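The values are calculated or read from the model by the stated rules, or taken from the named source; none is laboratory data. Keep in mind that this is a model prediction, so the values were computed, not measured. Cβ: placed from backbone, ideal geometry, glycine included. Neighbour counts: every protein chain shown. Just so you know, the surface numbers come from the protein's heavy atoms only, side chains and all, with ligands and any DNA or RNA stripped out. Shrake-Rupley method; radii C 1.70, N 1.55, O 1.52, S 1.80 Å.
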Amino acid sequence: MMVQKQQQQQQQQQQVLPAARRRMIKNLMPSFLHDKEPVTKTIEWERIIDCLRSRHMINMYDRHTVILERLAQVLADGVPLKHMEPLAHVLSLVKERIIQGGKDVLCKPLCGLLAVLQHSLIDDRGDKPLDQLKKDLQQLANRVGDLVHVHDDKVTEHAVEVLYRLCGGPRTDPPVSEHRIIMFPWLLDSVSLPPSMQDPASVASHGSDDRYHETEMELLELLAEADLISHLTTALQINHRTSCQSDTLRTLRRLSLSDTCCKQMVQEGTLNLLTQIARDSTDDVKLSIITEILWNALESSHTPLIAEALSAQNNINNLHAIFKRESNARRDVEKELRNELVIVCTDIAVFASEGRFAAFRQSGFLATVCALLMGEEMEGRNKAMPKSRIPRSSPVPIPSSNDHAFKKHLLTLTMVLCDDMGVLETFLENGLLDFCVMYLDYDSPNPAIYRWSLRQIKGLQLQILTLLQKILPKSNTADPTIYDTLLAFLKTALEKDAQVRPHTGLPNPTSDPVGLVMSVLRLLIVLAEAETESRQRLGQLGIFPVVNDILSTPTHAPETHRTALLLLTSLCQFAPNRSTFGQIPQSIPTLVSFLSFLSPSTQETNSIHLSTITALWAAIPFCPLNEKAFLETDGLYRLLDLLAEKRQTREIRMCGLGFLCDLLENSVVKRFCDEWRGREGGLVGLAVELWVSEEKFLEVPQGPQGTVFPDDRNPLEGAHPQKHTTFAPVIDELTQNLRAKLYSLLTHIQPIDTSTLSPHIQIKLPLIARYLDFKLLDVYSTLERSLQVDGIRPTTPDRECIEVVGEVQREKKRMVLEEQKAVVEGFGQKVKQQDQEFYETIKKREEMKKMASAAESRRPRLPQLPAKLSTTKRHHHRHATYTTLPTTSTADHLPLTSGH
């Protein structure tokens with residue numbers, strides 16, 4: 001009523017005013033069209049802004065209304081980019097006028113102008129640079145978001161819709177000319193639309209979906225600086241209309257793709273408000289949008305911060321209420337939403353701080369998870385019925401894929417929550433182990449279990465086995481029969497889940513590369529590594545024949561064989577198990593055969609070789625039965641041949657040398673090693689070859705002919721030595737040092753006969769023999785550096801001791817160098833001696849040749865027969881005796897015939 005009275009008063013005043021006065025007021029109204037060029041639309045922004053902020057026209061809301069309406073008409077086809085800055089200023093002034101009292105008059109035309117802004121921006125930049133356009137867009141988005149503070153539902157709804165469009169959201173009713181205008185063309189060097197809005201000809205020239213996605217992310221990060229999260233949070237707090245909340249949530253969903261906006265949601269308390277709205281609302285659309293916002297936030301780069309905020313007690317209470325309400329979903333859409341909520345809760349439990357479990361316990365969340373995860377199985381245990389007794393007329397319906405996914409997500413959530421011992425005890429008290437054991441029975445009579453399909457139950461079994469890997473080592477109340485159950489399940493899985501069916505030889509369609517057999521083996525490894533009693537118990541139950549069957553079956557995948565080898569390694573750490581394994585027929589030959597394993601993949605081959613050597617190391621040494629079988633099957637020679645390969649990895653050589661050192665504790669093994677001729681010099685030659693290779697790897701300086709470098713450095717140091725200041729790295733380095741293994745190996749095969757070794761082998765033996773001395777000197781050097789770092793000045797006796805250590809190092813190095821020089825000199829003398837002997841041999845041979853030549857020249861020569869002597873006459877003189885006379889006349893060469 002007051003507004004109508006003001007309008008009537010103004011009309012009366014205009015009627016009274018003279019014509020000149022009316023023309024003056026009319027000129028204050030800006031003109032949008034040039035008089036001479038009516039086709040070209042121009043906006044006089046300066047006059048519009050002066051009209052809105054002039055103190056003479058502050059209360060002239062009808063004029064302001066006309067301005068807003070005509071602006072909406074002029075900008076009906078879209079807002080040019082060059083007009084974003086003045087338009088943002090106009091919106092700011094309109095907001096002030098509304099707050100000052102023009103709410104009833106200005107809100108409606110303002111909504112009309114905001115409706116125009118929902119169109120895409122027109123790529124008309126004018127002469128503004130790109131950086132200025134970015135600032136203009138931020139300012140425009142900020143002014144539009146600030147309109148939510150006018151506390152008008154319609155204005156808020158239109159403002160939120162504009163923000164949604166500015167963030168790149170699509171329109172629900174795009175106009176026909178939408179392809180000619182775009183929302184944010186200035187972010188790209190060339191104007192482009194998402195491929196869904198382009199014609200095929202423009203897609204090839206304007207980029208792909210990836211480029212559009214990058215542009216969208218740039219836009220969202222740019223708008224994150226416009227304080228939109230604060231404005232949208234305010235809109236959620238002050239406006240409870242369903243349509244407005246939905247629009248606001250849609251905009252927040254777009255902004256949740258930005259990492260900066262996700263961080264701002266934590267700072268503004270938006271996440272707390274979202275969980276509260278989701279709890280109070282029964283609208284599935286809102287709940288779906290909120291769940292997606294939380295999901296996007298947890299997937300951002302600020303995941304720990306988001307998870308910490310959502311793990312607050314009030315948020316966990318809200319999520320628990322939502323989860324409990326949605327757990328009875330019936331439609332597929334509702335079930336998908338329920339599954340997404342479980343994933344959100346799992347991410348919170350994974351990434352939040354250690355105190356997150358208290359909120360889960362206090363909210364009653366654990367009880368709900370236990371009931372949903374294990375409730376049906378616990379009830380079905382009392383309704384057990386064999387499958388053969390199920391009436392054919394009432395077959396058991398197979399659950400949907402959403403139900404199966406829900407069960408798997410619950411298992412994943414349980415696995416994460418069981419990191420806390422208090423939560424684990426709660427689950428165990430509710431029968432978690434009994435629940436897991438039920439699923440490890442292929443012929444379970446529980447209707448809650450056999451209702452699943454074969455693939456579904458296999459997926460659940462895989463997750464349950466993974467869950468048992470986590471909880472069994474922590475549980476002190478585990479049923480001892482769990483070992484029997486696992487062993488029986490492994491035997492059944494070998495038949496039903498093998499990649500090739502045992503009897504038919506055909507592929508198994510339900511088997512995966514990583515199937516149940518692999519999962520059971522990994523679980524058994526975890527149990528065997530946990531305590532000695534587990535290894536003893538598994539050995540007594542007959543685990544070794546099963547492992548041997550797996551290793552002797554070539555149809556298993558290499559990864560399955562590798563896992564079985566690792567399990568064997570863990571089991572044989574219990575000494576009595578070694579003889580138990582060795583008593584199985586063909587167990588050691590089967591294990592040795594993997595030393596000759598070859599695969600197209602080098603990584604797979606090395607993995608099998610390393611696992612095999614580790615298993616042999618655990619099963620063979622210090623067990624006479626196994627050592628004998630290992631030697632009889634040429635296992636030692638295969639091992640040495642494997643270590644002698646040129647491109648062998650350091651890990652395999654480290655493990656193989658350690659295994660070989662333990663084998664050499666048996667004197668019989670040394671005799672077999674002496675017979676190996678895979679390298680020049682046998683085992684000693686191989687050790688020196690590996691030593692030289694390690695020196696090249698460490699870039700150890702070398703003197704002439706492989707001698708130590710004549711300086712004051714430790715001869716073991718490479719080109720880039722690590723100067724440790726604590727003892728722990730020095731001690732740990734011994735376990736990873738190949739040269740330490742080689743020193744130990746040569747120590748075990750002492751004494752070494754150097755007479756048959758070549759000089760390049762002999763020259764390294766003095767250095768290897770003193771490896772431990774030089775390593776001890778390295779420890780003293782570390783002690784000296786440690787004292788310097790700590791600022792401790794050693795006492796005089798300690799200082800003298802350190803100096804003596806340095807002198808000892810130099811003396812030992814000098815001794816090694818002298819021995820190496822002696823080897824070089826001895827080799828040189830030997831070469832000279834061999835050259836001299838060769839020369840004497842050649843000389844004697846030449847003298848003998850001369851003597852033979854002289855004797856040949858003095859020897860009488862045989863006479864030559866006449867050229868015209870007949871064949872019969874030659875045959876007649878066949879048995880004649882010829883004597884050469886010491887004359888050179890022709891008559892003297894006639895033959896003298898002796899009587900017969």
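Here is a yes/no grid of residues against (1) over 21 Å from T555 (Cβ atoms); (2) at pLDDT below 90; (3) crowded, with 19+ Cβ neighbours inside 10 Å:
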| position | (1), (2), (3) |
| --- | --- |
| T466 | yes, no, no |
| P473 | yes, yes, no |
| L490 | no, no, yes |
| D497 | no, yes, yes |
| H503 | no, yes, no |
| L516 | no, yes, yes |
| A528 | yes, no, yes |
| T532 | yes, yes, no |
| Q540 | yes, no, no |
Handout entry: Subset of region 449-464 (residues that are under 22 Å from E379 (Cα atoms) and either open to solvent by 40 Å² or more (accessible area, probe 1.4 Å) or touching a residue at least 60 places away in the same chain (Cβ under 8 Å) (or both))
Key = I449, Y450, R451, L454
Practice task
Check every one of the helices (runs of 4 or more DSSP H) wholly within region 614-705 and list those with 2 or more residues that are over 39 Å from the mean Cα position of the chain (by Cα).
Solution key: 624-632, 667-674, 682-698
Problem - First in region 242-271 and closer than 16 Å to R165 by Cβ, second anywhere and open to solvent by 30 Å² or more (accessible area, probe 1.4 Å) and part of a loop (DSSP other than H, G, I, E, B), Cβ under 9 Å, 6 or more apart - result: S246/D283
Problem - Contacts under 7 angstrom Cβ, first residue in region 649-676 being among the hydroxyl-bearing types (S, T, Y), partner surrounded by fewer than 20 Cβ atoms within 10 Å (Cβ to Cβ), 6 or more apart - result: T649/N606
Exercise for the section: Output the number of the condition that F574 fails; it satisfies all remaining conditions of (1) crowded, with 22+ Cβ neighbours inside 10 Å; (2) over 13 Å from I608 (Cα atoms); (3) of a type in the set (A, V, I, L, M, F, W, C). Expected result: (1)
Handout entry: Those residues of region 265-286 which are farther than 20 Å from Q313 by Cα and either among the hydroxyl-bearing types (S, T, Y) or assigned to a helix (DSSP H, G or I) (or both), in sequence order
Key = T282, D284, V285, K286
Exercise for the section: Within region 832-855, identify whether any single residue is within 26 Å of A740 (Cβ to Cβ) and either in a helix (DSSP H, G or I) or among the charged types (D, E, K, R) (or both), and answer yes or no. Expected result: no
Handout entry: Matching option when the condition is surrounded by 21 or more Cβ atoms within 10 Å (Cβ to Cβ), at pLDDT below 50 and over 23 Å from S246 (Cβ atoms), among S177, S192
Key = S192
Problem - Members of region 290-301 that are of a type outside the set (D, E, K, R), open to solvent by 10 Å² or more (accessible area, probe 1.4 Å) and part of a helix (DSSP H, G or I) - result: W295, N296
Fill in the blank from the handout: The residue that is surrounded by the most Cβ atoms within 10 Å (Cβ to Cβ), considering only those in region 117-131 that are closer than 22 Å to L68 by Cα and of a type outside the set (A, V, I, L, M), is S120
Fill in the blank from the handout: Subset of region 805-817, residues surrounded by 12 or more Cβ atoms within 10 Å (Cβ to Cβ) and out of contact with any helix residue (DSSP H, G or I) (no Cβ under 9 Å at 6 or more places or on another chain), comes to R810, R814
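Conditions tested, residue by residue: (1) open to solvent by 60 Å² or more (accessible area, probe 1.4 Å); (2) more than 46 Å from the chain's Cα centre (by Cα).
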| site | (1), (2) |
| --- | --- |
| L91 | no, yes |
| Q100 | yes, yes |
| V105 | no, yes |
| C111 | no, yes |
| A115 | no, yes |
| L133 | no, no |
| D146 | no, no |
| K154 | yes, yes |
Handout entry: Index of the failed condition, F360 passing every other in (1) touching a residue at least 40 places away in the same chain (Cβ under 8 Å); (2) assigned to a helix (DSSP H, G or I); (3) open to solvent by 10 Å² or more (accessible area, probe 1.4 Å)
Key = (3)
Exercise for the section: Hey, can you tell me all the residues within region 784-794 that are open to solvent by 50 Å² or more (accessible area, probe 1.4 Å), in contact (Cβ under 8 Å) with a residue 60 or more places away in the chain and touching a helix residue (DSSP H, G or I) at 6+ places or on another chain (Cβ under 8 Å)? Expected result: none
Exercise for the section: Answer yes if at least one residue in region 328-335 is buried (at least 22 other Cβ atoms within 10 Å of the Cβ) and in a helix (DSSP H, G or I), and no otherwise. Expected result: no
Fill in the blank from the handout: Of the residues in region 754-783, those that are under 43 Å from the mean Cα position of the chain (by Cα) and free of Cβ contacts under 8 Å to residues at least 12 places away in the same chain come to L776
Practice task
Could you tell me whether any residue of region 801-823 is polar (S, T, N, Q), modelled with pLDDT of 80 or more and under 21 Å from F774 (Cβ atoms)?
Solution key: yes
Completion exercise
The one condition I306 fails out of (1) over 25 Å from C262 (Cβ atoms); (2) surrounded by 21 or more Cβ atoms within 10 Å (Cβ to Cβ) is (1)
Practice task
Return a yes/no flag: does region 244-259 have any residue that is open to solvent by 10 Å² or more (accessible area, probe 1.4 Å), under 17 Å from L341 (Cα atoms) and under 31 Å from the mean Cα position of the chain (by Cα).
Solution key: yes
Practice task
Return the total of residues in region 417-438 being over 14 Å from M374 (Cα atoms), open to solvent by 20 Å² or more (accessible area, probe 1.4 Å) and part of a helix (DSSP H, G or I).
Solution key: 3
Completion exercise
Among the residues of region 555-571, the number that are open to solvent by 30 Å² or more (accessible area, probe 1.4 Å) and under 18 Å from W617 (Cβ atoms) is 2
